[in-house]
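Let me begin by presenting the structure, written as structure tokens, before commenting on it.
No value in this document is a laboratory result; all are computed from the given coordinates. As the structure is a computational prediction, the values presented were derived from the model and not from experiment. Cβ sites come from the backbone with ideal geometry, for glycine too, and all protein chains shown count toward neighbours.
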Amino acid sequence: CLPEMFQVAEYIKASSKTVVFTGAGMSTESGIPDFRSRSGWWKQVDPRTVATIEALEQDYPLFHEFYSMRMRSLQKIKPHDGHNILAEWEKRGLVHLVATQNVDGLHQEAGSQHVEELHGSIKQLKCQQCEKEATTDEFLEGKPCSHCGGKLRTCVVLFGEALPQQAWKQSFETIKEADVVIVIGTSLEVYPAGELPFLSNGKTILINLEEVENDFDVTITGKAKETLQRINELLVIVE
Ligand code: NAD
Ligand code: APR
């Protein structure tokens, strides 16, 4: 799909405000499963048993085990070249903001400065009762909150929870004014995050392994890393 990639390179070059919107498919090539593909988390475990407020309150051991396992597997994970290219495009003024549903922190680790985490972060811990910050070690060791003895949890947004106000507002405002929105590695099945890319009147681009039902100006069916590498090469040719 070279013509589509060339078109994307031209849109990026001509754009004065480009937002990149990413989902779990942006991190699979770093070794983190996504959620709804064949090898996704929700094929292995029912999200209602681990990723809801009810799970946290009614089955803390299972909730704790699921997030501890995800946190431990993240300790060896690094950003891939696709994350690095997005960070480089930000430095070159080609990307204004990365609005991500991912909680793994890989965009920031790759050097992206302007990142909004719509579903929170698995790297931040707090007490469910008093909201006091906690450390990863306290959580992994199964300790109660050092301040009130409450249950520790990650700052990942659970099903049924509202999204972080600031992240939602910043992403909403920036996407509304964007000339180009590049959506990478998401099924767009979860709301309200899944609605964001379509709030802009600009060009919408999808880079994804599977079809999604929404309409895009340009759709590239492919892997995030190699597609971003190809577009990055084409940016050199596009005047
Ligand atoms: P939900 O339908 O209860 O929505 C969650 C929150 O989003 C609620 O505060 C709701 O008011 C708000 N919301 C829903 N639809 C909206 C809309 N159209 N416009 C504005 N706000 C809207 O829960 P859900 O849809 O089943 O799950 C969505 C939320 O759950 C997302 O925030 C997502 O991050 C989170 N989630 C987390 C995990 C995880 O692994 N932690 C997994 C799936 C979903
Ligand atoms: N390159 C491109 N696309 C990919 C790649 C890849 N290397 N790997 C997977 N994909 C695609 C899959 O085909 C799928 O369509 O990425 C998409 C990932 O979709 P989901 O697994 O649904 O993940 P996401 O859209 O991020 O889920 C949204 O749901 O469970 C909640 O809070 C959680 O933030 C998550 C939200």
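Observations
- Extension gain for E133 to L2 (0.36 nm times residue separation, less C-alpha to C-alpha distance): 42.4 nm.
- Net charge contributed by nearby residues that have their C-beta within less than 15 Å of E138 (K/R +1, D/E -1): +3
- In the range 20-60, the trypsin sites (Lys or Arg not before Pro) that fall in loop regions by DSSP, at most 13 other Cβ within 10 Å: R38
- Taken along the Cα-to-beta-carbon direction at a fixed 7 Å, the label points for Q229 and D81 span 0.3 nm.
- Separation in nanometres of the label points that stand 7 Å from Cα toward Cβ, at I237 and Y60: 5.9 nm
- Interchain or long-range residues, amide H under 5 Å from I220's placed H: L206, I207, N208
- Gained length - Q170 relative to D217, 0.36 nm times residue gap less alpha-carbon distance: 14.5 nm
- Residue among A224, A178, A14 with the largest mean-square fluctuation in a Gaussian network model of the chain, springs linking Cα atoms under 10 Å: A14
- H114/S146 FRET efficiency (R0 41 Å; Cβ-Cβ; nearest 0.05): 0.80
- Assigned charges on the beta-carbon of Lys, Arg, Asp, Glu; the range 159-239 dipole about Cα centre (debye): 240 debye
- Flagged links, alpha-carbon separation over 25 Å, of K203/K225; K123/K143; K43/K203; K13/K91; K17/K126: K43/K203; K17/K126
- Among D34, D137, D179, the order by Cβ neighbours within 10 angstrom, fewest to most, reads D137, D179, D34.
- Span from the the range 180-239 Cα centroid across to the the range 3-75 one, whole angstrom: 16 Å
- Low-density loop positions, GluC sites (Glu not before Pro), the range 99-185 - DSSP coil, at most 10 other Cβ in 10 Å: E141
- Between the beta carbons of S68 and L199, assuming R0 = 35 Å, the FRET efficiency works out to 0.45 to the nearest 0.05.
- Per-residue Cβ neighbour counts within 10 Å put K132, K123 in the sequence K132, K123, beginning with the fewest.
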